[in-house]
Amino acid sequence: MNEYVHTTIRRKQSVMNDALRDEIAQLYARMCYGLSDPTRILLVYALAERDHNVTNLAEIVHQSQPTVSRHLKVLRELHLVCSERHGRSIIYRLADPRIIEALDLLRGVLSDNLHDQALLATTVNQSLALQR
């Protein structure tokens, strides 16, 4: 193949790679949006313990049933939660338990950050006390 063809192929691959990268970033952003609400995080942790219906979940997270239903809809649309009808009830469960591992990793990062901030605050307070 000549140089023109190679250059054209490389450009098309670059455009495809950019589009794929952007699409993956959008998927990550949607997943993060789904987990950006404290109630949704509590719902995910509740469902990690066992399957629940919306009434049980509403009691666990101390929210109204319509509010919990809206949150579950977001989690279902992101395929984080599955639902199955059992008679008149709909039972919710985690679609993939690995989401708990991801949340636990984030909690570890948060814990480390809070620890570092506490150490910094202690150092600043001690420094201010010595200046008095």
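The values are calculated or read from the model by the stated rules, or taken from the named source; none is laboratory data. Keep in mind it's a predicted model, so treat the numbers as computed, not measured. As a convention, Cβ positions derive from the backbone with ideal geometry for all residues, glycine included, and neighbour counts pool all protein chains shown.
Do the conditions hold for Pro38, that is, is it at pLDDT 95 or above and more than 13 Å from the chain's Cα centre (by Cα)? Spelling it out, it is not the case that Pro38 is at pLDDT 95 or above and more than 13 Å from the chain's Cα centre (by Cα).
Of all the listed residues (Arg88, Arg50), the sole one being over 23 Å from Arg30 (Cα atoms), more than 20 Å from the chain's Cα centre (by Cα) and not acidic (Asp, Glu) is Arg88.
Yes/no per residue for (1) among the polar types (S, T, N, Q); (2) in a strand (DSSP E or B):
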{"site": "Glu59", "(1), (2)": "no, no"}
{"site": "Thr67", "(1), (2)": "yes, no"}
{"site": "Ser83", "(1), (2)": "yes, yes"}
{"site": "Ile90", "(1), (2)": "no, yes"}
{"site": "Asp96", "(1), (2)": "no, no"}
{"site": "Ile99", "(1), (2)": "no, no"}
{"site": "Leu110", "(1), (2)": "no, no"}
{"site": "Leu120", "(1), (2)": "no, no"}
{"site": "Gln126", "(1), (2)": "yes, no"}
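Could you check, for the stretch 92-112, whether at least one of its residues is in contact with a Phe, Trp or Tyr (Cβ under 9 Å, 6 or more places away or on another chain) and either surrounded by fewer than 17 Cβ atoms within 10 Å (Cβ to Cβ) or not basic (Lys, Arg) (or both)? Checked the stretch 92-112: at least one residue is in contact with a Phe, Trp or Tyr (Cβ under 9 Å, 6 or more places away or on another chain) and either surrounded by fewer than 17 Cβ atoms within 10 Å (Cβ to Cβ) or not basic (Lys, Arg) (or both). Note on the stretch 91-115: residues that are closer than 18 Å to Leu27 by Cβ and in contact (Cβ under 8 Å) with a residue 24 or more places away in the chain amount to 2.
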